[in-house]
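Remarks on the structure that follows.
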Amino acid sequence: MPDTLTIYLNGRTCVVAPDISVAAALALHNDGRTRLSLSGQPRAPLCGMGVCQECRVEIDGRPHQLACQTWCRDGMHVTAAQLP
Amino acid sequence: MKPVDYQLVIVGAGPAGLAAAAAAASAGQAIALVDDNPHSGGQIWRGGAARQDDPRARALWAQLQASNNIHYLPGSRVVAALPQQQLLLEAVDGGAASVLHYQKLIIASGARELFLPFPGWTLPGVSGAGGLQALCKGGFPLAGKRVVVAGSGPLLLAVAATLRQRGALVTHVLEQAGWRQLGGFGLPLLRWPAKLRQAWQLRRHLAGTRYHADSYVLAASGTTRLQQISVRIGGRQQQIECDYLACGYGLLPNTELAAALGCSIDDGKLRVDQHQQSSVPGIYGAGEISGIGGVDLALVEGELAGLAASAQLDRQAAHARQLCAQRRHGLAFSRLLARHFALRPELLRLCQPDTLVCRCEDVPYAALQPHVDWRSAKLHTRCGMGACQGRICGAATAALFGWSKDTARIPLAPTRIASLID
């Protein structure tokens, strides 16, 4: 396993540890933000175990992927709610 | 889509599912072990059974690795129960859907947390208690962060200990139950020496963290993320600055798949007989789905279900009787838990009119108040009609308004259209 991975978060290059979830990468590089709610509020993971759907992000072009149940892969593109 | 045949399908690769697979494996049947997570272990052994300190996890994993009749399918979510004993599976990473046909089915789908809404609970930085524990096992960075753990149940101590091991500054653990309730929990615990030992070990990890009974979170605040919480500690209100709030009010069995298959659900849990068979012959449940009892009970129930579903109860009669006795002992602990961590009524009065109750559809408390039941609220406000399908707000409105949620609909989780039409 390599020492680090490179992922692209909203187009930004982020270097992360190899064995972390996308939710963890978002906590490190996006203040935890995953999606915007229907009324535009920023959200972050709630249940951490694939139930609440708050951590939905777009991964490699596929929408509605759960950041808490997806592990970072080298070269992965993640689109999540932007920082203010 | 041509179904793949298995004699036994086990849904969930946590302690109960792993124990079931290990017990059933020796009968030589073709077994599929399905889990939506990328690693085995469920929540308590999250990140892979092989990587746990608990030797039972490593032993079970080694046993499964050595069995060539178990087909382990991680990253696979059951999205529908189809007619004729078939399950529709979707690959979590976007791969093709598949159909499994089973003769016997064991559902070990575990539990989720009960969340009670309070002002500010949707802010980034507020999560479940078990939720933050699960996240931090996935590398969620907590080193040097100020964390308050709140809610109810023995899980809070385990969460606080895990977070501290990962470098978090856990300043407070707030348990809503009063000392009188908790005192009544401690003494009968002498009947479960293993649980006492666990509690004592946790205590050592928690030196420097203040444990407050009779205490709960009133509200969370912050501009773009959590900055401060307002709490009541032993009757006195105060503010605490923190980076994370991990708040959960106990566990709820995940019964959706079992309900979709027509299994009877009593009081939120799957009804099972002494060998973990549900009201539908050939369908078994093990672990938290049949009542919250922790890992020790889950392992016993899993093993019993595995033996029963692979027709080994007669051949291993003495061992099965022993397991049944352990099961009764574990169930008594489960009842003790439920009694001593009963929720205080103040927790149901925390919502302000604009507090969101349904987080998927952003439905505030005030919009729900005029409704008489779940169905009316759903039709008029879209409460419960979002991506989580009411798994979070269904339990919240059951507590707040006494509504009972309708049974699970197919698909059981957000599903790609292609998976449904192929």
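When you check B:R409 against the structure, is it away from chain A (no Cβ under 14 Å) and modelled with pLDDT under 95, yes or no?
Numbers: away from chain A (no Cβ under 14 Å): yes; modelled with pLDDT under 95: yes.
So B:R409 passes the test.
Any residue at all in the range A:53-74 that is within 21 Å of B:I392 (Cα to Cα), assigned to a loop (DSSP other than H, G, I, E, B) and at the interface with another protein chain (Cβ under 7 Å from one of its Cβ atoms)?
yes
If you scan the range B:88-126, which residues turn out to be of a type in the set (F, W, Y) and in a loop (DSSP other than H, G, I, E, B)? First the steps, then the outcome.
Pass one, the range B:88-126, residues of a type in the set (F, W, Y): B:102, B:115, B:118, B:121.
If the condition is that a residue be of a type in the set (F, W, Y) and in a loop (DSSP other than H, G, I, E, B), then B:F115, B:F118, B:W121 are the ones that fit.
Where the second residue is part of a loop (DSSP other than H, G, I, E, B) and of a type in the set (D, E) and the first is more than 14 Å from chain A (Cβ to nearest Cβ) and lies in the range B:361-375, which pairs have Cβ atoms under 8 Å and are six or more apart or on separate chains?
Qualifying pairs under 8 Å: B:Y365/B:D354; B:A366/B:D354; B:W374/B:D406; B:R375/B:D406.
Yes/no matrix, rows are residues, columns are (1) without any contact (Cβ under 8 Å) to a residue 40 or more places away in the chain; (2) under 30 Å from B:A129 (Cα atoms):
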site: B:Y244; (1), (2): no, yes
site: B:A259; (1), (2): no, yes
site: B:G282; (1), (2): no, no
site: B:D296; (1), (2): no, yes
site: B:A305; (1), (2): no, yes
site: B:S310; (1), (2): no, no
site: B:Q316; (1), (2): yes, no
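Only one of B:L123, B:L73, B:L114 is modelled with pLDDT of 95 or more and more than 11 Å from chain A (Cβ to nearest Cβ). Can you tell me which?
Numbers: B:L123 fails: more than 11 Å from chain A (Cβ to nearest Cβ); B:L114 fails: more than 11 Å from chain A (Cβ to nearest Cβ).
Just one listed residue meets the conditions, B:L73.
Looking at A:L46 and the list (1) more than 19 Å from B:G48 (Cα to Cα); (2) facing chain B (nearest Cβ under 8 Å); (3) of a type outside the set (S, T, Y); (4) open to solvent by 30 Å² or more (accessible area, probe 1.4 Å), which single condition is not satisfied?
Answer for A:L46: the failing condition is (4).
Is the range A:21-30 home to any residue that is open to solvent by 10 Å² or more (accessible area, probe 1.4 Å) and in a loop (DSSP other than H, G, I, E, B)? Let's see the steps before the verdict.
Looking only at the range A:21-30, we keep the residues that are open to solvent by 10 Å² or more (accessible area, probe 1.4 Å), and these are A:27-29.
Still in the running and in a loop (DSSP other than H, G, I, E, B): none.
Scanning the range A:21-30 turns up no residue that is open to solvent by 10 Å² or more (accessible area, probe 1.4 Å) and in a loop (DSSP other than H, G, I, E, B).
Among the listed residues B:D93, B:D53, B:D35, which satisfies the condition of being more than 30 Å from B:A177 (Cα to Cα), of a type in the set (D, E) and modelled with pLDDT of 95 or more? Walk me through it before giving the result.
Working: B:D93 fails: modelled with pLDDT of 95 or more; B:D53 fails: modelled with pLDDT of 95 or more.
Matching residue, one of B:D93, B:D53, B:D35: B:D35.
Take the residues of the range B:383-406 that are within 13 Å of another protein chain (Cβ to nearest Cβ), on the phi < 0 side of the Ramachandran plot and open to solvent by 30 Å² or more (accessible area, probe 1.4 Å): which is farthest from the chain's Cα centre (by Cα)?
Just the residues of the range B:383-406 that are within 13 Å of another protein chain (Cβ to nearest Cβ), to begin with: B:383-396.
Checking which are on the phi < 0 side of the Ramachandran plot leaves us with B:383, B:385-388, B:391-396.
Then drop every residue that is not open to solvent by 30 Å² or more (accessible area, probe 1.4 Å), which leaves B:385, B:391.
Working: B:M385: 21, B:R391: 11 Å.
So the residue we want is B:M385.
Could you say which residue among B:H101, B:H39, B:H71 is under 22 Å from B:A246 (Cβ atoms) and open to solvent by 10 Å² or more (accessible area, probe 1.4 Å)?
On the way: B:H101 fails: under 22 Å from B:A246 (Cβ atoms); B:H71 fails: under 22 Å from B:A246 (Cβ atoms).
So the residue among B:H101, B:H39, B:H71 that is under 22 Å from B:A246 (Cβ atoms) and open to solvent by 10 Å² or more (accessible area, probe 1.4 Å) is B:H39.
All but one of (1) touching a Phe, Trp or Tyr at 6+ places or on another chain (Cβ under 8 Å); (2) open to solvent by less than 10 Å² (accessible area, probe 1.4 Å) hold for B:G131; which doesn't?
Condition not satisfied by B:G131: (1).
Working only within the range B:5-25, note down all residues that are within 14 Å of the chain's Cα centre (by Cα) and either under 11 Å from B:A49 (Cα atoms) or free of Cβ contacts under 8 Å to residues at least 60 places away in the same chain (or both).
Within the range B:5-25, B:A13, B:G14, B:P15 qualify.
Exactly one condition in (1) within 14 Å of chain A (Cβ to nearest Cβ); (2) within 28 Å of A:L36 (Cβ to Cβ) is not met by B:R146; state its number.
(1)
Within the range A:31-43, take every residue that is open to solvent by 10 Å² or more (accessible area, probe 1.4 Å) and within 12 Å of the chain's Cα centre (by Cα) and give me the one that is farthest from the other protein chains (Cβ to nearest Cβ).
Ranking the candidates gives A:R35 first.
Kindly indicate which of A:T13, A:T79 is surrounded by fewer than 21 Cβ atoms within 10 Å (Cβ to Cβ), at pLDDT 95 or above and over 30 Å from B:L116 (Cα atoms).
Every option except A:T13 fails the conditions.
Can you name every residue in the range B:309-354 that is modelled with pLDDT under 95, surrounded by 14 or more Cβ atoms within 10 Å (Cβ to Cβ), aliphatic (A, V, I, L, M) and part of a loop (DSSP other than H, G, I, E, B)?
Across the range B:309-354, the qualifying residue is only B:L343.
Give B:L64, B:L18, B:L33 a once-over and let me know the one that is in a strand (DSSP E or B), touching a Ser or Thr at 6+ places or on another chain (Cβ under 9 Å) and open to solvent by less than 20 Å² (accessible area, probe 1.4 Å). Step through it out loud before you land on a result.
Details: B:L64 fails: in a strand (DSSP E or B); B:L18 fails: in a strand (DSSP E or B).
Of B:L64, B:L18, B:L33, the one residue that is in a strand (DSSP E or B), touching a Ser or Thr at 6+ places or on another chain (Cβ under 9 Å) and open to solvent by less than 20 Å² (accessible area, probe 1.4 Å) is B:L33.
Having 3 or more residues that are open to solvent by less than 30 Å² (accessible area, probe 1.4 Å) is the bar; report the strands (runs of 3 or more DSSP E) wholly within the range B:134-244 that clear it. Talk me through it step by step, then tell me what you get.
Values: elements: B:146-151, B:169-175, B:210-212, B:215-221, B:228-233, B:236-241.
Passing ranges, in order: B:146-151, B:169-175, B:215-221, B:228-233.
Inside the range A:35-58, can you point out the residues that are more than 17 Å from B:F115 (Cβ to Cβ) and in contact with a helix residue (DSSP H, G or I) (Cβ under 7 Å, 6 or more places away or on another chain)?
Filtering the range A:35-58 down to residues more than 17 Å from B:F115 (Cβ to Cβ) leaves A:35-36, A:38-40, A:42, A:56-58.
Scanning the range A:35-58 gives a single hit, A:V57.
Quickly run through the range B:355-382 and pick out the residues that are more than 26 Å from B:S230 (Cα to Cα), open to solvent by less than 40 Å² (accessible area, probe 1.4 Å) and part of a helix (DSSP H, G or I).
Hits for the range B:355-382 are B:W374, B:S376, B:A377, B:K378, B:T381.
The values are calculated or read from the model by the stated rules, or taken from the named source; none is laboratory data. As the structure is a prediction and not an experimental result, all values here were calculated from the model. Neighbour counts are summed over all protein chains in view; Cβ atoms, including those assigned to glycine, are modelled from backbone coordinates with ideal geometry. Side chains are part of the model used for accessible areas, which takes the heavy atoms of the whole protein and leaves out ligands, DNA and RNA. Shrake-Rupley method; radii C 1.70, N 1.55, O 1.52, S 1.80 Å.
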